[in-house]
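See structure below.
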Amino acid sequence: MNLTLKIWRQPDPVSEGALATYQVEDISEDMSFLEMLDVLNERLNSEGEEPIAFDSDCREGICGMCGLMINGDAHGPLRTTTCQLHMRTFKDGETITIEPWRSTAFPVLKDLCVDRRAFDRIIQQGGYVSVNTGAAPDAHAMPVPKAQADRAFDTATCIGCGACVASCPNGSASLFLGAKITHLGELPQGQAERDTRVVKMVAQHDHEGFGGCTNIGECAAACPKEIPLDVISQLNKDLRTAVRHGY
Amino acid sequence: MTKPKILDSDFWGRNDAAEYFDLGDGIADEKAPPGPLDKKWETREFEARIANPANRRRLSIIVVGTGLAGASAAATLGEAGYVVKSFCYQDSPRRAHSIAAQGGINAAKNYKGDGDSVFRLFYDTIKGGDYRSRESNVYRLAEVSRNIIDQCVAQGVPFAREYGGLLDNRSFGGVQVSRTFYARGQTGQQLLLGAYQALERQVAAGTVKTYSRHEMLELIVVDGRARGIIVRDLVSGEIETYFADVVVLASGGYGNVFFLSTNAMGSNVTASWRAHRKGAYMANPCFTQIHPTCIPVTGTHQSKLTLMSESLRNDGRIWVPKDAADADKDPREIPEEDRDYYLERIYPAFGNLVPRDIASRQAKNVCDEGRGVGPEVDGVRRGVYLDFADAMERLGRKAIEEKYGNLFDMYAQITGEDPYQVPMRIYPAVHYVMGGLWVDYDLQSTIPGLFVTGEANFSDHGANRLGASALMQGLADGYFVLSNTIRDYLADGPFEKIDEDHPAVVEAQQSVQSRVDRFLSVNGTRSVDSYHRELGNIMWEYCGMERTEDGLKKAIDLIRGLRDDFWRNVRVLGTAESLNQSLERAGRVADFLELGELMCIDALHRRESCGGHFRAESQTEDGEALRDDDHYAYVAAWEWKGLDVGEKPVLHKEDLVYENIELKQRSYK
Amino acid sequence: MRHAGTLTFVASQTELAKPLVEQVRSTRSTIALKIGMAASGLIFVLFVLLHMYGNLKAFGGEHAFNTYAHHLRTFGEPMLPYGGLLWIVRAVLIVSLVVHVATAATLWKRARRARRVRYAVKKNTGATWASLLMRWGGVTLLLFIIWHLLNFTIGKINVTGGPTDNPYRLLVDTFDTWWLTLIYLVAMAMLGAHLHHGVWSACQTLGLTSNARARRRAKAFGLVLALVITIGFSLVPIFTVFGVISY
Ligand SMILES: Cc1cc2nc3c(=O)[nH]c(=O)nc-3n(C[C@H](O)[C@H](O)[C@H](O)COP(=O)(O)OP(=O)(O)OC[C@H]3O[C@@H](n4cnc5c(N)ncnc54)[C@H](O)[C@@H]3O)c2cc1C
Ligand code: HEM
Ligand code: HEM
Ligand code: SF4
Ligand code: F3S
Ligand code: FES
């Protein structure tokens, strides 16, 4: 199939960018979206134009490295990662606009690549259980009811891709934040630091310049791992509890 | 034992590859203490000296890689109070390739009471590795496997649990006990996030500093010791120098030398290869694992392959049409009598459940015969059917959905076909490398002060890795082994401070800079990817599932030619002073072009079949890998000598001594 | 086109990094702001429900309505002075209004900062229209309330030139004026939309919807409440227009 692509090109973090238009031909519908960009890049390289920079690593939907705004949908029209989106989702002759995640907390580095280290810093503020290596009791010392273990797992599957931020009209990272809070909050191991964790992580979230959540729900609709809005409620509840406990 | 089928009567032991390498002195591990197997680690832990806690703040460590091996090591060393710097090429440590592991992690917990033990795990691993790994290392791995699970659970890793609230286990990879801990199909992800969180905790505590989007491009060796690395900030393009008292490489495997593999796009050999060129020996580089159940290639655009859990072979039946003319027929319309269930036919006892290497090789054979299915890529159909029709009839669609639902969905998403209706198509793909930098019991390479962990080292898996044991090894190395062995080395530190203008440093910086400049100045006509793809084809064809004398020699010539062409004709656009992904890839591919040759030489010199290394000339009547323990029960550790005419790699043999296990031939009929 | 950051020169990634925040307080977070907004919003909801009940007295005729208005002011006498309860209510409302508007403004500002560069194409797939209308809807409500108070309480403006000291007559005169009725009905539609999202949103903000079932219920509750209030308020103007309420 043949497509018209409008792709954001920006040479570096401080220069201005703009959408550039490219035509691609003979795209197979079995290609993944990123392979389609590979084909375009191969051509640009042969024509002497610098290839388009975009991030990806695992290309199987688990590392969270890829992420493009495709025709106004984070990761494209399907609920999956950009690397798992295939060209059969598009129609011959279609025009596709491709932009980087737009968030002040995720500055654009080049073309479609953004800096998501803000997420790492949020995790630094308590997104863990403080246990030193070697200090752990036997794994069976603390049973965890299956329902809780399952919920912890469901929320722990967040891949940190940032689609929630990219799609949220407020640029909020609440879904990401809520996923980690819920994961650790469900487990007995996570209880000791529960109050301080939520307060510190939310403080860093705000400090990074993410917006506040007003429960719009775009994030959960875009999340490739189907993290539900429940986690934001859980996040709010944990914060409210921390307020009550005087943190 | 079945009768050996050797095409050439004195094939074993003869060395036709001599023109490609020189034989050096033997090499041995000197760190594993003598004494009974089960006391070795305890003894070593006790004997390893301890750096004074007050002193640790003056001792610095560089860790390259944030996968299971690297993140766990950096976190643990940070907790111990050393000054740690951690590097990865992705935008966050959390994205290391370990995240993609699906199946699970082994541990000899014996929670099921089914007779598992440290010794059994040790035994299975040695046997699974086709008797090409070191007893001392593997035993230690089995021992600490239990602590890993405790540690991960304490970190909040959400392993699967039973209704009673206790941890669930499954059996995996054809072993008789249930010792695999798992978190649905995302075990690697959950373990890595646990390690990543522990790492970020240390970052907040100030003991670890992370450098993401930084790629190590050179090792600094001063006075015979590894003392630092040169990296490129992948965003600004700046070449930066970092010093430390010790360098740890946990940079993962090099399966991407095949271009198409289940590895992440960025997985590379650069960190290891640069260290190799600086004096670290590369061990058993040709030992590659090819996984039988991957989604086949659909066209020349393909950038990577996707693994599907091996568990599918429990219920799916593998077949191809008997007649090549049926290849593009609708499989449902091919009558039973025209199908060849070749694994069931050749291996009546194990059928579709034969080990990975065998299932893979047979799939290649039928496709080479022209009986493959699916789209034609480069003139060959590379795919076989994995059919669930029988299972669906027997168990019902619902049961299949429950067991394999997520895999079926993934398959449907990638291929656009509904596997409930049409049989799946699968094909083998490169998945893991057992080879890597040579290390001793302390995980120290042949360069003092350079430690290597995880998939980047060669230890533990011999010639074939069992399922669910790479995760175990990465975490064992990082959480429990390295911190204990490295302290012995650091007890002599801190080492003398190094100046930026030390000749060794300047040389390293210049070599990085000139390589970068060279990539950008060739300005030829071909893209980096096109070279990578071509190298991959050569490797897959001649150094893949089945290797032959002639094929390997041909491959070496082809690779040399390709490498020459690369340096004369590659085109890398953009600048050095910015984010430049073609430039990043150019460096990686340049190193693969050198590694590929060594892999072929290693494969050529090892005139036996073992595990993932299958020499067509050395097989049993049944087509089984046939080992030659008299000549090849050793680790091949290669020393770099250069690439110019007359410069050949030097082989150092480390003899493998089995004191606790008897060597046997594998059989699956 | 504006660019993504305030940076002028990037030598290395370190310059893009933000430090970890050190002084953290739960009460300073965006979530605390949201809790303030939810609490004040819910106070409004209570007030409007009561107010609606009062308004419906208009169907009882001039006497019933005016007695009620009078009662409001004498309620609690002699413990409270004349109009005491009303002043307590007013005080609570004023505080709530300040909180509600201030937090709304802060969050709005944050959200704008969180995404300085807009998308060329952006779709909304998970959001309801009501959730996207909240801010401009809120502004409309604020303007409405100002007019409404001028109309009935502070200014007692009777556009028909009729009496202003008779609440019932003021009301009937007001809605006998078509364009005033129209303003009121538009405002009530806005209020309905605001509550449709606002009620469930407040539940989520207070952490009451941490599972799919609770979320569905909160959404249904929001919708019902919005309908009840919108329709309840609209009855008086509509029936005045049709002459059912008259003098
Ligand atoms: C699809 C798939 C499924 C698997 N499933 C299982 C399983 O179920 N069970 C199991 O036990 N094993 C499994 N494996 C194998 C296992 O996942 C890997 O062997 C293991 O995770 C490797 O871990 P590592 O820490 O050594 O390296 P990796 O996780 O590969 O990490 C490498 C790190 O090094 C960094 N790096 C590399 N080069 C450089 C450089 N030059 N400069 C700076 N940084 C660099 C990278 O950024 C990364 O952080 C699977 C593998 C694959 C591909
Ligand atoms: C059609 C709908 C409405 C009608 C007919 C109506 C009518 C009135 C009347 C008659 C009064 C004067 C009562 C008195 O002083 O005794 C009043 C006061 C008031 N109304 Fe409304 N109202 C309506 C909707 C609303 C809405 C939607 C709001 C809030 C969002 C609101 C907020 C107020 C407030 C704050 C006062 C002042 C109370 C006080 O402090 O005295 N009204 N309204
Ligand atoms: C005075 C004018 C008002 C303004 C400017 C205003 C503005 C807002 C804004 C901006 C929000 C946040 C929602 C978002 O950002 O998407 C909000 C939420 C809300 N508002 Fe209002 N509003 C006003 C009046 C009211 C009234 C009269 C009511 C009730 C009758 C009300 C009830 C609510 C509720 C319940 C919420 C939800 C709180 C939450 O999300 O947690 N508001 N309002
Ligand atoms: S919550 Fe979902 S969308 Fe957000 S980072 Fe995690 S996986 Fe991505
Ligand atoms: S879209 Fe944004 S407003 Fe909240 S519910 Fe999701 S973070
Ligand atoms: S590249 Fe890893 S999730 Fe897409």
Single condition residue A:192 does not satisfy, out of (1) within 10 Å of chain C (Cβ to nearest Cβ); (2) surrounded by fewer than 24 Cβ atoms within 10 Å (Cβ to Cβ); (3) outside any helix (DSSP H, G or I): (1)
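Quick check on the stretch A:220-246: of everything there that is basic (Lys, Arg) and either within 23 Å of the chain's Cα centre (by Cα) or at the interface with chain C (Cβ under 8 Å from one of its Cβ atoms) (or both), which residue is least open to solvent (accessible area, probe 1.4 Å)? First the steps, then the outcome.
Taking the stretch A:220-246 and keeping what is basic (Lys, Arg), we get A:225, A:237, A:240, A:244.
Retained after the next criterion (residues that are either within 23 Å of the chain's Cα centre (by Cα) or at the interface with chain C (Cβ under 8 Å from one of its Cβ atoms) (or both)): A:225, A:237, A:240.
Working: A:225: 57, A:237: 86, A:240: 75 Å².
The qualifying residue least open to solvent (accessible area, probe 1.4 Å) is A:225.
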For residue B:90: the one exception among (1) over 22 Å from the mean Cα position of the chain (by Cα); (2) at the interface with chain A (Cβ under 9 Å from one of its Cβ atoms); (3) not in a helix (DSSP H, G or I): (1)
Some residue of the stretch A:85-100 being within 15 Å of ligand 4 (Cβ to nearest atom), open to solvent by less than 10 Å² (accessible area, probe 1.4 Å), under 25 Å from residue A:10 (Cα atoms) and more than 11 Å from chain C (Cβ to nearest Cβ): yes
Selection count where residues are within 13 Å of ligand 5 (Cβ to nearest atom) and among the polar types (S, T, N, Q), scope the stretch C:98-140: 4
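Working carefully through the options C:141, C:132, C:107, find the one that is aliphatic (A, V, I, L, M) and more than 9 Å from chain A (Cβ to nearest Cβ). Give the derivation first.
Numbers: C:132 fails: more than 9 Å from chain A (Cβ to nearest Cβ); C:107 fails: more than 9 Å from chain A (Cβ to nearest Cβ).
Answer to the selection: C:141.
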In the stretch C:18-54, the residues that are surrounded by fewer than 21 Cβ atoms within 10 Å (Cβ to Cβ), assigned to a helix (DSSP H, G or I) and not hydrophobic (A, V, I, L, M, F, W, C): C:27, C:28, C:36, C:51, C:53, C:54
Condition broken by residue C:210, with the remaining ones in (1) near ligand 3 (Cβ under 10 Å from one of its atoms); (2) without any contact (Cβ under 8 Å) to a residue 60 or more places away in the chain; (3) within 12 Å of another protein chain (Cβ to nearest Cβ) satisfied: (1)
Residue within the stretch C:147-169 that is surrounded by fewer than 18 Cβ atoms within 10 Å (Cβ to Cβ), free of Cβ contacts under 8 Å to residues at least 60 places away in the same chain and in contact with a strand residue (DSSP E or B) (Cβ under 9 Å, 6 or more places away or on another chain) present: no
Candidate set from the stretch B:225-269 (those that are within 14 Å of chain A (Cβ to nearest Cβ) and over 30 Å from residue B:294 (Cβ atoms)); member that is farthest from ligand 6 (Cβ to nearest atom): B:238
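Which ones in the stretch B:490-514 are open to solvent by 20 Å² or more (accessible area, probe 1.4 Å) and closer than 23 Å to residue B:79 by Cβ? Steps first, answer last, please.
Step one: filter the stretch B:490-514 for residues open to solvent by 20 Å² or more (accessible area, probe 1.4 Å), giving B:491-492, B:494-497, B:499-504, B:506-507, B:509-511, B:513-514.
B:491, B:492, B:494, B:495, listed by residue number.
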Qualifying positions in the stretch B:77-87 - touching a Phe, Trp or Tyr at 6+ places or on another chain (Cβ under 9 Å) and open to solvent by 10 Å² or more (accessible area, probe 1.4 Å): B:85
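Run down A:32, A:28, A:56, A:103 and say which single residue is more than 18 Å from residue B:266 (Cα to Cα), hydroxyl-bearing (Ser, Thr, Tyr) and away from chain C (no Cβ under 14 Å).
Details: A:32 fails: more than 18 Å from residue B:266 (Cα to Cα); A:56 fails: more than 18 Å from residue B:266 (Cα to Cα); A:103 fails: away from chain C (no Cβ under 14 Å).
The match here is A:28.
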Selection count, the stretch B:410-452, where residues are within 14 Å of chain A (Cβ to nearest Cβ), open to solvent by less than 10 Å² (accessible area, probe 1.4 Å) and outside any strand (DSSP E or B): 1
Residues (open to solvent by 10 Å² or more (accessible area, probe 1.4 Å) and over 12 Å from the mean Cα position of the chain (by Cα)) located in the stretch B:249-273: B:259, B:260, B:265
Matching residues in the stretch C:213-227 - criterion: being crowded, with 18+ Cβ neighbours inside 10 Å and within 14 Å of another protein chain (Cβ to nearest Cβ): C:215, C:218, C:219, C:222
Identity of the residue in the stretch C:101-132, among the β-branched types (Val, Ile, Thr) and either away from ligand 4 (no atom under 16 Å from the Cβ) or open to solvent by less than 70 Å² (accessible area, probe 1.4 Å) (or both), that ends up farthest from residue A:17 (Cα to Cα): C:101
Count - residues of the stretch A:147-173 that are away from ligand 6 (no atom under 16 Å from the Cβ), open to solvent by 10 Å² or more (accessible area, probe 1.4 Å) and within 12 Å of the chain's Cα centre (by Cα): 1
Residue list for the stretch B:358-393, filter: out of contact with any strand residue (DSSP E or B) (no Cβ under 7 Å at 6 or more places or on another chain) and assigned to a helix (DSSP H, G or I): B:358, B:361, B:362, B:365, B:368, B:389, B:391, B:392, B:393
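Which of the residues belonging to the stretch B:639-655 are assigned to a loop (DSSP other than H, G, I, E, B) and either of a type in the set (D, E, K, R) or within 16 Å of residue B:447 (Cα to Cα) (or both)?
If we filter the stretch B:639-655 for residues that are assigned to a loop (DSSP other than H, G, I, E, B), which is where we start, we get B:640-649.
Matches in the stretch B:639-655: B:640, B:641, B:644, B:647, B:648.
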Test: residue C:246 is open to solvent by 20 Å² or more (accessible area, probe 1.4 Å) and closer than 18 Å to residue C:56 by Cβ: yes
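Does residue B:246 satisfy being over 26 Å from residue A:125 (Cα atoms), under 24 Å from the mean Cα position of the chain (by Cα), more than 12 Å from ligand 1 (Cβ to nearest atom) and at pLDDT 95 or above?
Working: over 26 Å from residue A:125 (Cα atoms): yes; under 24 Å from the mean Cα position of the chain (by Cα): yes; more than 12 Å from ligand 1 (Cβ to nearest atom): yes; at pLDDT 95 or above: yes.
Criteria met by residue B:246.
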Failed item, numbered, when residue B:151 is tested on (1) within 16 Å of ligand 4 (Cβ to nearest atom); (2) modelled with pLDDT of 95 or more: (1)
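Kindly indicate which of C:185, C:195 is open to solvent by 50 Å² or more (accessible area, probe 1.4 Å), in contact (Cβ under 8 Å) with a residue 40 or more places away in the chain and in a helix (DSSP H, G or I). Working first, answer last.
On the way: C:195 fails: open to solvent by 50 Å² or more (accessible area, probe 1.4 Å).
Going through C:185, C:195 in turn, just one is open to solvent by 50 Å² or more (accessible area, probe 1.4 Å), in contact (Cβ under 8 Å) with a residue 40 or more places away in the chain and in a helix (DSSP H, G or I): C:185.
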Verdict on residue B:20 being of a type in the set (Phe, Trp, Tyr), more than 16 Å from ligand 6 (Cβ to nearest atom) and within 30 Å of residue B:549 (Cβ to Cβ): yes
Pairs where the first residue, in the stretch C:217-229, is assigned to a helix (DSSP H, G or I) and the second is open to solvent by 70 Å² or more (accessible area, probe 1.4 Å), C-beta under 9 Å, 6+ apart: C:218/C:208
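Being within 21 Å of residue A:1 (Cα to Cα) and either more than 8 Å from chain B (Cβ to nearest Cβ) or more than 16 Å from ligand 1 (Cβ to nearest atom) (or both) is the requirement here; does residue A:78 meet it?
Numbers: within 21 Å of residue A:1 (Cα to Cα): yes; either more than 8 Å from chain B (Cβ to nearest Cβ) or more than 16 Å from ligand 1 (Cβ to nearest atom) (or both): yes.
Considered against the rule, which asks whether it is within 21 Å of residue A:1 (Cα to Cα) and either more than 8 Å from chain B (Cβ to nearest Cβ) or more than 16 Å from ligand 1 (Cβ to nearest atom) (or both), residue A:78 comes out as yes.
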Residue tally, condition β-branched (Val, Ile, Thr) and open to solvent by 10 Å² or more (accessible area, probe 1.4 Å), over the stretch B:341-400: 3
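The values are calculated or read from the model by the stated rules, or taken from the named source; none is laboratory data. All values reported here derive from a predicted model rather than from experimental measurement. Here Cβ is always computed from backbone atoms with ideal geometry, including for glycine, and neighbour counts include all displayed protein chains. Keep in mind that these areas ignore ligands, DNA and RNA; they rest on the heavy atoms of the full protein, side chains included. Shrake-Rupley method; radii C 1.70, N 1.55, O 1.52, S 1.80 Å.
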